[in-house]
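To keep things clear, I will list the structure first and then write my remarks on it.
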Amino acid sequence: MAAVPAVLSPGREDAAGYATGKAAGRRLGPWPPGQHPGRGWVLSRVYLPTMGSVVVTGVGLVTALGKDRESTWEALLSGATGVRPLTLFDATGYRSQMAAQVEVASLELSGIPEKALRHASRASLMALAAAQEALRQADLHPSFGASWPVVFGGGAAGLFEAEGFFAHRL
């Protein structure tokens, strides 16, 4: 699973396609509504029906290749793989014992109460780490007292918790 929140801030781009204001100097390039840009860390425009266009000012990644955007990017460039022997559960009866797991123990989470961390699912821990990275990259701090739209993507979240719930209920 990869947790990828993107913090969106209102913004503009000049005639050459570069961001102005807070995101100045970042190369942006609009894409038509409904089409993904494909490559690159800085997404340019997000079309929201009620807001118009915005500039992505922060991206956080938690992947099997790295615990943040920088380490993931370096691993991709070096040709590394995130696939390793499966350790989350006993996979002896399965065709493959390999998986692209995220090591949540290595995640650096700050400002979150210990009790909340103990009860959080793996997916929640990854989401929190990615969100904190996106906020740091955007130079936004929760104490600013503002709210920001967030685009979040992830997959297959909470499977261990769901399995435990159903095992207990059946």
Subject >> Segment Ser106-Val151, extension gain: residue separation times 0.36 nm, minus the distance between their alpha carbons >> reply: 13.8 nm
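Just add up the charged neighbours of Ser121: K/R +1, D/E -1, any other residue whose Cβ is under 13 Å from the Cβ of Ser121.
Values: positive: Arg118, Arg122; negative: Glu161, Glu163.
My count for the surroundings of Ser121 gives 0.
Since every read-out is calculated from the coordinates, none of them should be taken as a lab result. As the structure is a prediction and not an experimental result, all values here were calculated from the model. Ideal geometry is used to build each Cβ from the backbone, glycine not excepted, and the neighbour counts take in all protein chains shown.
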